[in-house]
Amino acid sequence: MALQHRPTAPHHSAQDALRVLETVARHSSGVTTTELGRRAGLDHDRLTALLRMLRREGYVEQTADGAYVTGEALARLGSADGREQAVRDKLQRTLDRLRDSVGAAVYISRYVDGEVSVTQYADSPATPKVNEWVDFKVSAHATAVGKSLLTQLDHAGRRDHLARHRMARLTSRTITSDKLLLSRLESQPPTVPVLDLQEYAVGTVCAAVPITAGASVGCLALSLPVEHAHRLREAADELNRSAAPVLLSLTI
């Protein structure tokens, strides 16, 4: 199953959203859509879509006269008191909405101190999470999460990871050749979701997209039962389109 090379650019969306938020924050009494577009350098359609997302996430609010001011969510994340918990709570609400939107369990993963770590997820009885039958830390070669994180490392970083974690065959589809895996990682377009088609677990398919904030390597992923594999392309595209709010929460 191949996904088209379509640039969805959650990173650029987050950058544009940050410019809008910076402009709103500088105008405590409110700023109009026209002024926002002029100062942020965004056309009407692009700005309208970003403002819709920022309002939904609680980062901005619209006053009775139509101007925009900073929202409650931005105030909580900008406060030093309880910031870490506020970020986790905001991410969880965003993940819960994303789970319902794509109809799949969703995950945030980071590459921390040379290891894969799933830091948060959202699942439900209708969208169960992956059964971690082999520790994700030692199975990066087989998971969409692991491969997405590895694509964001340089060649030396990938080789170092694979040297520390033996590429075990988890299913008949698992790649166990470091040469083949490295070749595929090198050729992976950054705008195309990375896939796991029953490479980690029989009965499960997954997709992941990068959400790198600064020097921190991360990804956003989803999983589906194999009987829903026909939805993977659509769900992966929706995941990529919806990654900006997650990246924004990690950036603010």
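The values are calculated or read from the model by the stated rules, or taken from the named source; none is laboratory data. What you are looking at is a predicted structure, and each value in this text was computed from that prediction instead of being measured. As a convention, Cβ positions derive from the backbone with ideal geometry for all residues, glycine included, and neighbour counts pool all protein chains shown. Side chains are part of the model used for accessible areas, which takes the heavy atoms of the whole protein and leaves out ligands, DNA and RNA. Shrake-Rupley method; radii C 1.70, N 1.55, O 1.52, S 1.80 Å.
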If we keep only residues of the stretch 136-185 that are open to solvent by 80 Å² or more (accessible area, probe 1.4 Å) and assigned to a loop (DSSP other than H, G, I, E, B), then the residue farthest from Ser109 (Cα to Cα) is Ser172
Got at least one residue in the stretch 103-110 being open to solvent by less than 40 Å² (accessible area, probe 1.4 Å), within 30 Å of Leu54 (Cβ to Cβ), among the charged types (D, E, K, R) and touching a strand residue (DSSP E or B) at 6+ places or on another chain (Cβ under 6 Å)?
yes
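Among the listed residues Ser216, Ser223, Ser242, identify the single one that is open to solvent by less than 10 Å² (accessible area, probe 1.4 Å) and out of contact with any Pro (no Cβ under 6 Å at 6 or more places or on another chain).
On the way: Ser216 fails: open to solvent by less than 10 Å² (accessible area, probe 1.4 Å); Ser242 fails: open to solvent by less than 10 Å² (accessible area, probe 1.4 Å).
Just a single option satisfies the conditions, and that option is Ser223.
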In the stretch 226-239, residue most open to solvent (accessible area, probe 1.4 Å) [restricted to those that are within 13 Å of the chain's Cα centre (by Cα) and not small (Gly, Ala, Ser)]:
Glu238
By residue number, the members of the stretch 53-76 that are open to solvent by 90 Å² or more (accessible area, probe 1.4 Å), modelled with pLDDT under 90 and not in a helix (DSSP H, G or I) are none
Criterion violated by Arg88 - all others in (1) open to solvent by 70 Å² or more (accessible area, probe 1.4 Å); (2) modelled with pLDDT under 80 satisfied:
(2)
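What do you reckon, is Asp96 at pLDDT 85 or above and either open to solvent by 20 Å² or more (accessible area, probe 1.4 Å) or assigned to a loop (DSSP other than H, G, I, E, B) (or both)?
Details: at pLDDT 85 or above: yes; either open to solvent by 20 Å² or more (accessible area, probe 1.4 Å) or assigned to a loop (DSSP other than H, G, I, E, B) (or both): yes.
Answer is yes for this residue.
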Positions within the stretch 11-29 being at pLDDT 85 or above and not hydrophobic (A, V, I, L, M, F, W, C), in sequence order
Asp16, Arg19, Glu22, Thr23, Arg26, His27, Ser28, Ser29
Subset of the stretch 18-52 (residues that are open to solvent by 20 Å² or more (accessible area, probe 1.4 Å), on the phi < 0 side of the Ramachandran plot and not in a helix (DSSP H, G or I))
His27, Ser28, Ser29, Thr32, Leu42, Asp43
Can you find even one residue in the stretch 197-212 that is among the charged types (D, E, K, R) and without any contact (Cβ under 8 Å) to a residue 24 or more places away in the chain?
no
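So, of the residues in the stretch 195-213 that are among the aliphatic types (A, V, I, L, M) and modelled with pLDDT under 90, which turns out to be surrounded by the fewest Cβ atoms within 10 Å (Cβ to Cβ)? Walk me through how you get there before you give the answer.
Step one: list which residues in the stretch 195-213 are among the aliphatic types (A, V, I, L, M), which gives 195, 197, 201-202, 205, 207-209, 211, 213.
Imposing the further condition that a residue be modelled with pLDDT under 90 reduces the set to 211, 213.
On the way: Ile211: 27, Ala213: 17.
For the stretch 195-213, the residue satisfying everything is Ala213.
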